[in-house]
Protein chains: 2
Amino acid sequence: MSRKISSTGIERLALYYRYLTSVNGSEQAFISSAELAKAVEHTAAQVRRDLSCFGTFGTPGRGYDRAALEEKLSGILGKGKCQNVVLVGVGNLGSALLAYKGFQSQCYTIVAAFDNDAKKIGKHLKGLEIQDIEKLSDVVSQTGAKMAIISVPAGVAQEVVDALISAGIQGILNFAPARVVVPEDIVLQHVDFSIKLDRLCYGLEHA
Amino acid sequence: MSRKISSTGIERLALYYRYLTSVNGSEQAFISSAELAKAVEHTAAQVRRDLSCFGTFGTPGRGYDRAALEEKLSGILGKGKCQNVVLVGVGNLGSALLAYKGFQSQCYTIVAAFDNDAKKIGKHLKGLEIQDIEKLSDVVSQTGAKMAIISVPAGVAQEVVDALISAGIQGILNFAPARVVVPEDIVLQHVDFSIKLDRLCYGLEHA
DNA sequence: CATTGTTTGTGACAACTGTCACGATAAGGT
DNA sequence: ACCTTATCGTGACAGTTGTCACAAACAATG
Ligand SMILES: NC(=O)c1ccc[n+]([C@@H]2O[C@H](COP(=O)([O-])OP(=O)(O)OC[C@H]3O[C@@H](n4cnc5c(N)ncnc54)[C@H](O)[C@@H]3O)[C@@H](O)[C@H]2O)c1
Ligand SMILES: NC(=O)c1ccc[n+]([C@@H]2O[C@H](COP(=O)([O-])OP(=O)(O)OC[C@H]3O[C@@H](n4cnc5c(N)ncnc54)[C@H](O)[C@@H]3O)[C@@H](O)[C@H]2O)c1
């Protein structure tokens, strides 16, 4: 309870959580920080520090109760409350995201897909009808979605983000290689493949 | 020249570079740290600090010479040397990556695509024949590719990575939600959508 | 119930990262 | 030549993040 969780610490919590759920069938009721650390490629001290930010739920001599920890992490991350996600931009990448089964197993469900291309609107993909972007507000209200994923061209990213915010979306995952500005109370995350490739490139150069 | 570049600093350099190339047609020959900072949503001091790690190429009173800076950044990041990339796993995501035109404009070219599914091998996608994963070594030697992108299921990520390293690949961009281990001299970057969604979720919860 | 063995939670430290402020430096005009 | 103006490069500082080590806490066992 002593320290504020770091930004990257949150991502580690998500890793811990994913590991726990992935080995759900284990008969071991307890897991130590060392064991957890090994699974996610970090140090035991790091794991304990991260977890200690949200209370003390480990028992000395045994470790952490698997089920309890999983539950706790789920609560911390806010899983189970904001699962409904809308997707904007059903192009190459958007289609792949729609088809991805991994989101569901992680409690996220894409409940609606939007585009502004007349040729795509009305088509069905993975059991979801591609809807006109104009219907965004209505659908967001109906589904209660708080999160959105955007995979539209960089040039329109800002306007799409603005529309999403007007519609009531509070968290946005942006795949477009564009920096967009949002009000303070909106959470924004970028996923930027090209930048990661550049990082790789740099790493090779300076081996 | 004073300080070592930070890990996140490298990603900022890539952002600077991308911004410069994206506004290539500008008639302004010079750009100030303030201007550059605004474009990528950072501070002017940060920009200057990052750049100063690699020498001094700004001129007081004017700013940085656009063309020279672009050239310099290209050199630092190692662009133009490691453009050839191979892709392993042509599923939903892999297909989207193959179709992506943004990589090329950033000097990266996917020169070969691999899969182990007999039904996919031999098919053509975006002018590229999907090849048997067994041919990996040969193709890597022929093309001189140093970088690889993998979009295979998490369960086989490690074995694919091992194969890539045997084939001579030095940098790997991993889209599978799995931590893989590599020797020290191999550069590895993860792109993990689910974790980013979890971060969003946490942000919403703790608004 | 005391002893032993294990693992947690955290204070103290070290390393890293970003911000601020300002002296130094170059261009351009008078 | 000198002054003005704009902007860089960087030392010093502050805040953040990760590591280490160890006392405290609990389980197990005889
Ligand atoms: N495909 C990839 O592998 C990849 C990789 C990295 C980054 N990206 C980025 O992801 C984004 C999408 O890439 P893509 O390859 O799927 O492109 P795409 O052109 O195939 O898809 C973009 C989709 O967005 C739709 N769209 C355009 N304007 C819109 C608007 N105002 N409202 C709603 N929908 C709109 C288009 O109709 C299209 O269906 C781009 O910004 C791209 O840079 C893609
Ligand atoms: N689709 C998405 O939007 C998305 C999002 C996040 C993460 N991911 C991750 O990206 C990876 C790929 O996702 P996907 O949706 O494209 O899955 P997919 O099943 O559609 O594609 C996987 C491909 O890898 C191939 N493959 C399997 N084993 C192989 C091997 N040993 N060697 C070579 N090829 C092999 C399969 O034949 C298949 O074509 C997964 O790890 C997934 O978790 C995907």
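Where a number appears in this text, it was derived from the coordinates with a stated rule and is not lab data. Note that the structure is a prediction, hence the values are computed from the model and not measured. FYI the Cβ positions are ideal-geometry reconstructions off the backbone, even for glycines, and counts take in every protein chain you see.
Taking Cα atoms, how many degrees apart are the long axis of helix B:157-167 and the longest axis of chain B, rounded to 10 and kept between 0 and 90? Approximately 80 degrees, to the nearest ten. Dipole magnitude for chain A: computed about the Cα centre from +1 point charges on Lys and Arg Cβ and -1 point charges on Asp and Glu Cβ, it is near 600 debye. In a simple Cβ point-charge model (Lys, Arg +1; Asp, Glu -1; nothing else charged), the range A:83-196 has a dipole of about 480 debye relative to its Cα centre. With contributions of -39500 (n - 2.57) from each DSSP H run of at least four residues, the per-residue ellipticity at 222 nm computed over the protein assembly as shown stands at -12500 deg cm²/dmol. Using θ = phi - 60° in the Karplus curve 6.51 cos²θ - 1.76 cosθ + 1.60, the 3J(HN,Hα) couplings for the range A:89-97 round to x, 9, x, 4, 6, x, 5, 4, 5 Hz; x is entered for Gly and Pro. For the rotational copy pair B/A, the chain B residue whose Cβ lies nearest the symmetry axis, together with its distance in Å, is B:Ala96, 2.
Distances between equivalent label points of A:Gly127 across the copies, with each point positioned 7 Å along Cα→Cβ, amount to 3.8 nm, shortest listed first. Between B:Phe30 and B:Arg66, the built amide H atoms are under 5 Å apart, and every one of these is 5 or more places off in sequence or on another chain. Beyond 21 Å in Cα-Cα separation lie the following of the pairs B:Lys72/B:Lys126; A:Lys196/B:Lys101; A:Lys101/B:Lys135; A:Lys196/B:Lys72; A:Lys123/B:Lys119; A:Lys79/A:Lys196: B:Lys72/B:Lys126; A:Lys101/B:Lys135; A:Lys123/B:Lys119; A:Lys79/A:Lys196.
The range A:91-168 and the range B:3-37 have Cα centres spaced 31 Å apart. Across identical copies of the chain, B:Gly61 has label-point separations of 7.6 nm, listed in ascending order, with the point defined 7 angstrom from Cα along Cα→Cβ.
Taking the label point 7 Å along Cα→Cβ, A:Glu41 and its counterparts in the other copies are spaced 2.6 nm apart, in ascending order.
Which percentage, to the nearest 5, of the DSSP beta bridges contained in the protein assembly as shown is antiparallel? Of the beta bridges lying entirely in the protein assembly as shown, close to 25 percent run antiparallel.
Across peptide A:100-107, what mean number of C-beta atoms from other chains lies inside 10 Å of a residue's C-beta?
Working: counts 5, 1, 6, 3, 0, 1, 7, 4.
Partner Cβ neighbours, averaged per residue: 3.
Mean partner shielding of peptide A:149-157, defined as the number of other chain Cβ atoms within 10 Å of each residue Cβ, is 1. Here the relative contact order of the range B:83-196, from alpha carbon pairs under 8 Å that lie six or more residues apart, stands at 24 percent. The phi torsions of the range A:181-194, fed into the Karplus equation with coefficients 6.51, -1.76 and 1.60 and a -60° offset, translate into couplings of 9, 9, x, 4, 7, 9, 9, 10, 10, 9, 10, 10, 4, 4 Hz, rounded to whole numbers, with Gly and Pro shown as x.
Nearest 20 debye, what's the magnitude of the dipole of the protein assembly as shown about its Cα centre given +1 on Lys and Arg Cβ and -1 on Asp and Glu Cβ?
Working: 44 positive and 42 negative charges, 108 e Å.
With Lys and Arg at +1 and Asp and Glu at -1, about 520 debye.
The phi-based Karplus calculation (6.51 cos²θ - 1.76 cosθ + 1.60; θ = phi - 60°) puts the 3J(HN,Hα) values of the range A:132-138 at 5, 4, 4, 8, 3, 4, 4 Hz, whole numbers, x for Gly and Pro. A cut-off of 5 Å between modelled amide H atoms, ignoring neighbours fewer than 5 places along the same chain, links B:Lys146 with B:Asn84. The mean of 1/r over all pairs of different alpha-carbon atoms in chain B, once inverted, gives a Kirkwood hydrodynamic radius of 19.2 Å.
If contacts are Cα pairs under 8 angstrom and at least 6 residues apart, what is the relative contact order of chain A in percent?
Numbers: 277 pairs, mean separation 29.2, N = 207.
Relative contact order, chain A: 14 percent.
The calculated Kirkwood hydrodynamic radius for the range A:1-101 is 15.1 Å, given to one decimal from all distinct C-alpha pairs.
Short to long, the 5 Å bins of the Cα pair-distance histogram for the range A:140-207 hold 4, 16, 24, 19, 13, 9, 7, 5, 2, 1, 0 percent of all pairs. From the square roots a ≥ b ≥ c of the eigenvalues of the alpha-carbon gyration tensor of the range B:83-196, which class results: rounded (a/c under 1.5), prolate (a/b over b/c), or oblate? The shape class here is rounded.
Here the convex hull built on the C-alpha positions of the protein assembly as shown has a volume of 171 cubic angstrom per residue. Per residue of A:26-32, how many C-beta atoms from partner chains lie within 10 Å of its own C-beta, taken as a mean? Going residue by residue through A:26-32 and averaging, the value is 0.
Quick one: order B:Arg179, B:Arg62 by neighbouring beta-carbon count within 10 Å, fewest to most.
Values: B:Arg179 19, B:Arg62 11.
Sorted ascending by nearby Cβ count, the order is B:Arg62, B:Arg179.
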